[in-house]
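Take a look at the structure set out below.
The values are calculated or read from the model by the stated rules, or taken from the named source; none is laboratory data. In this text, all values refer to a predicted model and were calculated from it rather than measured experimentally. Here Cβ is always computed from backbone atoms with ideal geometry, including for glycine, and neighbour counts include all displayed protein chains. Please note that ligands, DNA and RNA were not included when accessible areas were found on the heavy atoms of the full protein model with its side chains. Shrake-Rupley method; radii C 1.70, N 1.55, O 1.52, S 1.80 Å.
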Amino acid sequence: SSDVCSSDLAGDAVTRRLDAMGVTALPADIGPVPIPPAFLEPASDEPSFAATCYFVICGAIEPRKNLAVLLDAWDMLTARHGAAAPQLVIAGTPANRAAPIVARIARSLAPRGPVVWARGLSTPALRQVIGHARALLMPSLAEGYGMPVAEALALGTPVIASDIAPHVEIARDHASFCPPDDAAAW
């Protein structure tokens with residue numbers, strides 16, 4: 001018998017916690033979380049995506065996902081480039097302690113503004129959004145695994161992620177990494 005963990009980082013965390021409880025850890029089998037089949041199949045092109053320059057972040061809207069740093073970055077882009085700034089598509093729904101960031105997202109959704117909030121997407125629709133983005137952005141402060149990073153890489157979509165251990169472990173040299181607290185870098 002063994003523990004099954006999605007990353008070396010997760011395996012180390014489980015082992016440390018068990019040690020702290022005085023329990024002998026089992027050997028850990030480390031393996032990636034399977035990518036949904038919709039992200040592995042060829043998709044039909046959606047013409048409406050071709051004309052739009054956008055970046056996407058997806059996942060729960062909560063403090064650890066660090067959307068504030070992207071909204072700061074988009075404020076900078078918009079100040080610099082005006083209407084020529086790319087759009088930021090936020091694909092996700094509110095989770096724990098989301099009220100402050102939801103309020104900030106709402107203020108950024110002005111008509112024809114640089115931020116689009118896509119809620120309730122089906123898996124095929126999310127695949128289309130990620131697949132046509134200029135890049136997936138994942139500025140997370142903490143992750144257990146980081147499934148959107150794996151999904152984007154499976155589609156061939158460039159990834160820019162925070163330089164936290166789970167992202168580095170999943171993406172290795174297939175992504176660009178930024179400090180999660182540096183809006184100018186993003």
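Considering only residues that are surrounded by fewer than 18 Cβ atoms within 10 Å (Cβ to Cβ) and within 16 Å of Asp8 (Cβ to Cβ), which ones fall in region 137-162?
Within region 137-162, Ala142, Gly144 meet the criteria.
Select from region 163-182 the residues that are touching a strand residue (DSSP E or B) at 6+ places or on another chain (Cβ under 8 Å) and part of a loop (DSSP other than H, G, I, E, B) and write down the one among them that is most open to solvent (accessible area, probe 1.4 Å).
Result: Asp163.
Going through region 117-136 one residue at a time, which ones are out of contact with any Phe, Trp or Tyr (no Cβ under 7 Å at 6 or more places or on another chain), open to solvent by 50 Å² or more (accessible area, probe 1.4 Å) and touching a residue at least 60 places away in the same chain (Cβ under 8 Å)?
Scanning region 117-136 gives Thr123, Pro124.
Name every residue in region 129-186 that is more than 15 Å from Leu70 (Cβ to Cβ) and among the hydroxyl-bearing types (Ser, Thr, Tyr), in order of residue number.
Tyr145, Thr157
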